[in-house]
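Below: the structure, in structure tokens.
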Amino acid sequence: MDRSLAEKSYRHIVRKLSRGEFPPGTQLVNRTLASEIGVSVIPVREAIQRLASEGVVEHVPGAGAFVREPSWRDLDELYVLRDALESCAAEEAALHITAEQLDELERGLQEMQHIHAAIEERRSKVATPALLNRWLDCEEDFHSILVDAARNRLLSKVIRDHRAITRVFDAHRRDPSLLTAQVAETTCRDRRRLLAALRARDAALCRRLMSEHIKVGRKTVLNHLHRRREIGRASGDRA
């Protein structure tokens, strides 16, 4: 089988997952996807198997392949993986990042500051779905640039093979209440400190700041999911 067709199929499905077109519970139908992509069912089957190995898709015997809802444990483990990998990437990036990449990071940070200002203007102080998607796109770009700047092919491959960055952000896109004005403000502040450390070529500080940033994100997200689950249980009890 032409491996490029399997990769093409994989990226097509991942794009649709990232855009929220395949919410949890969606069945992935080989023939339908093959027709969309313009390939046979074989590379599509290979792509779905790859997503199953990543924990994104679940095979139900006699029924087919379905998009999984990430569990609390899934997200917890992904944050631990990201901490290990991206902290290392930030440290390496401090040694190799280019002026062009620093400029890209600065532009991304400015966009995040604009989004923060827009959230502050809302009475609820919570993002809309559109603002959340813009924010998460900026987050993905920021982390991806840092990984590229590390100039470490093996590190980059492990991060991309596990989709350690995008899987976390894909899971967040359905819940705008995660992005409050306070979260946005804290993230922008931390991102500014990391950018300054990168400009100063302070590798040790970059590693520490990235680790702290991911740990804060992990705590914020998992606490949010816990509160949401408790509210759901309380509502069920009242019903």
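Nothing in this text is a laboratory measurement; each read-out follows from the coordinates by a stated rule. This structure is a prediction, so every number in the text was calculated from the model and none was measured. With ideal geometry, Cβ positions are generated from the backbone for all residues, glycine too; neighbour counts draw on all protein chains shown.
Among the listed pairs Lys8/Lys215; Lys125/Lys219; Lys16/Lys125; Lys125/Lys157, which are separated by more than 27 Å between their Cα atoms? Please report the intermediate quantities before stating the final value.
Details: Lys8/Lys215 33 Å; Lys125/Lys219 20 Å; Lys16/Lys125 29 Å; Lys125/Lys157 38 Å.
Violating the 27 Å limit, Cα to Cα: Lys8/Lys215; Lys16/Lys125; Lys125/Lys157.
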Practice item. Tell me which residues come under 5 Å, amide H to amide H, from Arg68 once H is placed; ignore anything under 5 positions away on its chain. Key: Gly25, Val57, Glu58
Review point. How large is ³J(HN,Hα) for each residue in region 31-45, as worked out from phi by the Karplus curve 6.51 cos²θ - 1.76 cosθ + 1.60 (θ = phi - 60°), to whole Hz, x for Gly and Pro?
Key: 5, 5, 5, 4, 5, 4, 7, x, 10, 7, 6, 5, x, 5, 4
Revision key, fill the gap. When the charge dipole of the chain is computed with +1 at the Cβ of Lys and Arg and -1 at the Cβ of Asp and Glu, the Cα pointing farthest to the positive end, of Leu198, Leu81, Gln182, is that of Gln182
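Taking the Cα centre of region 19-75 as the origin, how large is its charge dipole in debye, to the nearest 20, when only Lys and Arg (+1) and Asp and Glu (-1) carry charge on their Cβ atoms? Don't jump to the answer; show the numbers that get you there.
Working: 6 positive and 7 negative charges, 16 e Å.
Computed charge dipole of region 19-75: roughly 80 debye.
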Check your understanding: Hey, what do the phi angles of region 182-197 turn into as Karplus ³J(HN,Hα) couplings, whole Hz, using 6.51/-1.76/1.60 and θ = phi - 60°, x for Gly and Pro?
Key -> 5, 4, 5, 4, 5, 5, 4, 5, 5, 5, 5, 5, 5, 5, 5, 5
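Please arrange Cys138, Cys206 by how many other C-beta atoms lie within 10 Å of their C-beta, fewest to most.
Details: Cys138 21, Cys206 27.
Going from least to most buried by this count: Cys138, Cys206.
In debye to the nearest 20, how big a dipole does region 137-221 give about its Cα centre with +1 on each Lys and Arg Cβ and -1 on each Asp and Glu Cβ?
360 debye
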Practice item. Grab the DSSP H runs of the chain that are 4 residues or longer, score each as -39,500 (n - 2.57), total them, divide by all residues and round the 222 nm result to the nearest 500 deg cm²/dmol. Key: -25000 deg cm²/dmol
Point to revise | Coarse-grained scattering of the chain at q = 0.10, 0.13, 0.15 Å⁻¹, given as base-10 log I(q)/I(0) from a Debye sum over alpha-carbon atoms | key: -0.53, -0.88, -1.11
**Study point:** About the Cα centre, charge dipole magnitude for the chain (Lys/Arg +1, Asp/Glu -1 at Cβ), debye
**Key:** 440 debye
